[in-house]
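Enquirer: Sending over a structure as structure tokens; questions will come in a sec.
Derivation of every value follows stated rules applied to the coordinates shown; laboratory data play no part. Because the structure is a prediction, the values reported are computed rather than measured. All Cβ positions, glycine included, derive from the backbone under ideal geometry; neighbour counts span all protein chains shown.
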Amino acid sequence: MSSTSARRATRSAALALTLAAALVATGCSSSSSDPGKSTSAGYSTPAKDLSASITYGVWDQNQVPAIQQNLEGFNKQYPNIKVSVNVTPFGEYWTKLQTQASSNTLPDLFWMNGPNIGLYASNGKLEPITGEVNAKALDPANYPPALVDLYTINGTKYGVPKDFDTIGVWTNKALFDKAGVPVPTGDWTWQQFQDTAKQISDKLKSQGIYGAAGGMDGQTTYYNTIFQAGGTVVADGKSGYDSPESQAGIKFWTDLIASDASPSIQQLTDTTADQWFTSGKLAMYWGGSWFRAALKDTALAKDITVLPLPKDKEQATVIHGVANVVAASSKNKQAAQALQVYLAGKDAQQQQGDAGSIIPAFTGTQAGFTKSMPNANLQVFLDALAYAKPLPVSKNTAAWNAMEADLLPQAFSGERPVADVTKELATKMDAALAKEE
Amino acid sequence: MATSTHGPRAAASPEMAAARPPAPTARRRPGWLGGPGKNAVSGSDGLWPWLFVLPLLTGVAVFYLWPILATAYLSLTQSGPFGGSTFTGFSNFTALVKDDQLYLSLANTLLYTGIVLIGVPIAVYIASLLNLPGLRFAQFYRALFFLPFVAMPTAIAMVWRLLFNGDFGLINRGLGLVGVDGPYWISTPTTAMIAVAIVGLWSSLGFSVIVLGAGLKNIPPELYEAAELDGASTWRQFRSVTVPLLTPSIFFVTIVTVISSFQLFDLLYAILGSSNPVLPRSLSLVYFFYREGFVNNDKGYAAAIAMVILVIIAVVTALQFRMQRRWVQDV
């Protein structure tokens, strides 16, 4: 035990040192900032002829065409800023980024997500957007508040979202017809969901078709039910799993699996829930708005409609979105910030939305997304903004995400009681969270 | 190799070979650095040989020795996600010996290695079949066996994942035909490691067959003729001529298989998938290292695991070299 506390102590000492170093570094740079920059605000709109060459790091090749359109518009404003887009597949993106951050060679502007923002911001790797907000170049009020919060660390904002995603119930109407079960209306409770799933499974299981599928992934499944039951995943540096509300959120899924309304955890490991759905063997699938890409242009598309998530104590969905952030180590910070501001602007966001692959974050630019599958009622994902809660994260999210993935399946499979598993998870998670401080 | 093979000695039975004193390996040393042994006068070559191996040595130093030293240092530190480490002595190691995951992953790795090693006798058998005189399409079969070795592990894993699928996989369909209800191979804790090891065995087979095939070609055909004249059956020839004379190749293949099995990562990662519930019970040593270092961002602790893996592999290999004297023929 003493060795663990020693590890903890040295760790926090190291962290304090890095933070101190980061503070010193930012202090130095602000005092020696270039003369063209207003030191008080931290950001001023650069001169039209600002000449620079910057890099923009992203992970999704599908979005590059829309980004290129954005950059054309950007270069009309700033013809002498040359932007090269670096695409790194998601699997390697974070490993690469971590190496770049260690050697202070991050791209000038790059994509950031919720699970990682705490790690990078608290280690002084990112430039806050305080200056841009003070200069009125960026207005956080134009974006979903839950996501502005996600990118606010210790009261400092580091980015505004470029897009967002929420969760809904993707529904295959053809399978409802086959089972003779009416498609539910949008306003429904947990019990109604469980009953509907059970009815369909009972009717169609002989053909290998299920009503609904249990959850292996927090963002699309159990985080939502935990929020709906009034629980938390992580709050004030503590795990929320050891509470009756959060246990109810987990129990929703163990009940679904135990009632045979869902394939077993083993079946869902071999063939994931989205694969069950896209193979036409699952009637209801809890999935993100991004799942649209897997359905559009398939034979299944005509039978698809989206329902809001069912309610328990409250209505809730997880919201997440990617943000553009500027590297603190950038040598062309002004140019990078100019691009950050441009990409967050209404014109660029409208272009992104019309391209249809994502839901842009700027309020009022989202119509293009719903029109991309007009009969599927994608409006559900936009309406969800009213009751959306940010994806639960902390400084080292990955550490306790691994614990969730290790432990929760033991509850889902019925191997151990929910209360046991969540208690153990909460204890381990608290230890990991304590290490972060 | 062929020049030092003398008929009577090579035809000796394994029992006799075991009784013979260890081979005087030192007699080959002069040829090692200073050209042919006969002409080598100690020191006469000066720096020249070193100059020739310098390009290779530089590579080894930069890409192997230096990382080992750096990892050794890192294992004594507490390291942040973006570098910046503090020296903490042996605290990572004291925490590691108390970590159940270490023993679990060690046991899993040993199980995997054990199963993959079954591939060595299978490879000996296949290699000698392929070496049968008059076999048609021998080259084709050899290429066929070698294919898995050159295919990308991830691609292999994707295909096997489909084969192992509990509901829709070809393996369980096949078992179903003979009335066996196959398990959910990759999502049941007891079968997951076995499934991965089967793939590991299958994909290492090609390499072993090629190496052993080369070894077989070095066995002089006269020996078989002599054995045949003495009335030895095919099986007896295999046991008393082929296997003893193949021991150097078998030894090499065993060493390589053990070392690569201890480094099990990519197959496990790709076949089981990162969100598989059986994963915490199916960790291998390297996967354990990966999780600590790259998922949990505990680089110092991961470096300590890496040092443990290095020591284990070194000890196992040293043991194998010691035991080699007892069963490997000197040809």
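Enquirer: Only loop residues by DSSP count here, and only those with at most 16 other Cβ atoms within 10 Å; note down the trypsin sites (Lys or Arg not before Pro) in region A:54-144 that meet that.
Expert: Of the trypsin sites (Lys or Arg not before Pro), the ones in loops of region A:54-144 whose Cβ has at most 16 other Cβ atoms within 10 Å are A:136.
Enquirer: Still on this model: What average count of beta carbons from other chains do you get within 10 Å of the Cβ of residues in A:394-403?
Expert: That works out to 3 on average.
Enquirer: From other protein chains only, count the Cβ atoms within 10 Å of every residue's Cβ in B:271-277, then give the mean.
Expert: 5
Enquirer: Related question: Compute the relative contact order of chain B as a whole-number percentage, counting only Cα pairs closer than 8 Å that sit 6 or more residues apart in sequence.
Expert: Contact order relative to length: 29 percent.
Enquirer: With a Förster radius of 51 Å, plug the Cβ-Cβ distance of residue A:130 and residue B:316 into 1/(1 + (r/R0)^6) and report the FRET value to the nearest 0.05.
Expert: According to the calculation, E is roughly 0.35.
Enquirer: On a 31 Å Cα-Cα criterion, which of the cross-link pairs A:173/A:371; A:157/A:296; A:162/A:333; A:203/A:423 come out too long? Spell out each step's value before the answer.
Expert: Numbers: A:173/A:371 19 Å; A:157/A:296 36 Å; A:162/A:333 19 Å; A:203/A:423 37 Å.
Listed pairs above 31 Å: A:157/A:296; A:203/A:423.
Enquirer: Kindly identify chain A as rounded, prolate or oblate by the Cα gyration tensor criterion: order the square roots of the eigenvalues as a ≥ b ≥ c, call it rounded if a/c is under 1.5, otherwise compare a/b with b/c, prolate if a/b is larger, else oblate.
Expert: oblate
Enquirer: Follow-up. For peptide A:384-393, compute the average count of partner chain beta-carbon atoms within 10 Å of each residue's beta-carbon.
Expert: Working: counts 0, 0, 0, 0, 0, 0, 0, 0, 0, 0.
Per residue, the number of nearby Cβ atoms from other chains is 0 on average.
Enquirer: Project the alpha carbons of region B:101-331 onto their principal axes and report the range along each, largest first, in whole Å.
Expert: 65, 47, 27
Enquirer: Counting other C-beta atoms within 10 Å, which of B:209, A:83 has the fewest, and how do the rest follow?
Expert: On the way: B:209 28, A:83 21.
Going from sparsest to densest Cβ surroundings: A:83, B:209.
Enquirer: Would you please classify the overall shape of region A:135-288 from the alpha carbon gyration tensor, given that a ≥ b ≥ c denote the square roots of the eigenvalues, rounded means a/c under 1.5, and beyond that prolate means a/b larger than b/c while oblate covers the rest?
Expert: Because a/c hits 1.5 or more and a/b exceeds b/c, region A:135-288 counts as prolate.
Enquirer: Can you give me the long-range amide H partners of residue A:167? Hydrogens built in the peptide plane at 1.01 Å from N, cutoff under 5 Å, separation of 5 or more residues or another chain.
Expert: Those qualifying (amide H under 5 Å, at least 5 residues apart or on another chain) are A:318.
Enquirer: Once both axes come from the Cα atoms, what is the angle between helix A:190-204 and the longest principal axis of chain A, in degrees from 0 to 90, rounded to 10?
Expert: Rounded to the nearest ten degrees, it is 60.
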